[in-house]
Each structure stands twice: as C-alpha cells, then as structure tokens.
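Below is one structure, written out as structure tokens, with a few remarks after it.
The values are calculated or read from the model by the stated rules, or taken from the named source; none is laboratory data. Note that the structure is a prediction, hence the values are computed from the model and not measured. Glycine also receives a Cβ, built like all others from the backbone with ideal geometry; neighbour counts cover every protein chain displayed.
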Amino acid sequence: MSSNDDRIAQAERHFGVRFPEDYRHFLAAEGSMARFVPPAGDFLVINSLAELIEVNEAADFQERFPRSVVIGGDGSRELLTYDFRQEPPSLVLLDVSAEGWSSAIQQATSFSALLEQFPETGWKWDEPEPSPS
C-alpha cells in the first residue's frame with residue numbers, strides 16, 4: 001500500500017466511511033483541484049487529503065450534518081459534501097451557515113458524474129432536495 005493509500009485509509013477511519021472508488025482514485029492520482037471551469041464559468045475546489053479533517057471540523061460541521069464529509073466547494077461559502085446517510089453517497093452543496101440537511105442542494109450521484117457534468121452545468125442552485133426518511 002502506498003503512503004497516499006495509507007492517508008486515504010486514515011481519513012476514512014477518521015470519518016467512519018469508505019470513500020467511493022472514483023473519489024479514492026482522484027485522491028490517489030490528482031490529490032486536489034482548485035480552478036475556474038469553463039464554459040460553466042464556476043470555480044471548483046476539491047480539497048487535498050491534508051485539508052479534509054480540518055475543513056470538516058470547522059464550525060461544528062460534523063455535528064450539524066451527521067454522516068457528512070466536506071470534500072470541496074466553490075471557493076467561498078458553498079461546501080461540496082458527501083452525504084453518507086445513503087448508499088451510495090451522493091454529493092450535495094451546503095452553505096457554511098446551513099443549519100441542517102434540508103438546505104442540501106443535490107449536485108451529482110457520484111464524483112465521476114460531478115466532474116463530467118460540471119463544465120456544462122456548473123453549480124446547481126435549485127431548491128434543496130427533500131431529506132431521505
């Protein structure tokens with residue numbers, strides 16, 4: 001196992017989840033991303049492994065959103081978050097000041113789908129999705 005694989009496994013243990021394979025592959029191969037994405041015209045940030053725990057511990061995010069893992073965002077107030085309350089986990093957008101899951105805006109069913117659609121769609125700003133029961 002490479003040191004990067006070890007760090008991915010440590011992050012998974014910290015959050016008590018197993019990251020989806022496409023996201024694990026991104027972390028191992030790319031590590032992180034922060035760029036303006038044309039033609040959508042939106043900024044996309046995917047945090048590095050070193051940033052994951054710190055970002056998720058900020059503002060009691062884990063307490064407000066149990067079974068969540070913030071993996072990035074728009075470089076400002078919006079946080080790209082895995083919703084591990086369901087299997088497979090989907091990716092949602094949450095404002096840093098959101099109080100609960102009812103504020104989540106569905107972005108993609110997988111990390112690969114997000115990266116594929118993002119250049120065309122950018123961030124989706126639709127009404128929040130209803131919470132799963």
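I'm trying to understand the selection: among the residues of the stretch 1-38, which are charged (D, E, K, R) and under 14 Å from residue 71 (Cα atoms)?
Within the stretch 1-38, the first condition is being charged (D, E, K, R), and the residues that meet it are 5-7, 12-13, 18, 21-22, 24, 30, 35.
Across the stretch 1-38, the qualifying residues are 12, 18, 22, 24, 30.
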(message) I'd like to know if the stretch 45-53 contains one or more residues that are surrounded by fewer than 20 Cβ atoms within 10 Å (Cβ to Cβ), part of a loop (DSSP other than H, G, I, E, B) and of a type outside the set (D, E, K, R).
(response) yes
(request) Being surrounded by 14 or more Cβ atoms within 10 Å (Cβ to Cβ) and more than 15 Å from the chain's Cα centre (by Cα) is the filter; apply it to the stretch 122-132 and report the residue that is modelled with the lowest pLDDT. (result) 129
(request) Scan the stretch 90-112 and report the pairs whose first residue is more than 17 Å from residue 75 (Cα to Cα) and surrounded by fewer than 16 Cβ atoms within 10 Å (Cβ to Cβ) and whose second residue is among the polar types (S, T, N, Q) and modelled with pLDDT under 95, with Cβ atoms within less than 6 Å and a gap of 6+ or a chain change. (result) 102/131
(message) Looking at the stretch 63-78 only, could you name the residues that are surrounded by 16 or more Cβ atoms within 10 Å (Cβ to Cβ) and over 22 Å from residue 112 (Cα atoms)?
(response) 65
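I'd like the full set of residues that are among the aliphatic types (A, V, I, L, M) and assigned to a strand (DSSP E or B), limited to the stretch 1-44. Even if it seems obvious, please write down each step before you answer.
Here is the first cut: in the stretch 1-44, the ones among the aliphatic types (A, V, I, L, M) are 1, 8-9, 11, 17, 27-29, 33-34, 37, 40, 44.
Within the stretch 1-44, 33, 34, 37, 44 qualify.
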(message) Suppose we keep only residues that are of a type outside the set (A, V, I, L, M, F, W, C) and more than 14 Å from the chain's Cα centre (by Cα) within the stretch 37-53. Which one would you say is farthest from residue 13 (Cα to Cα)?
(response) 39
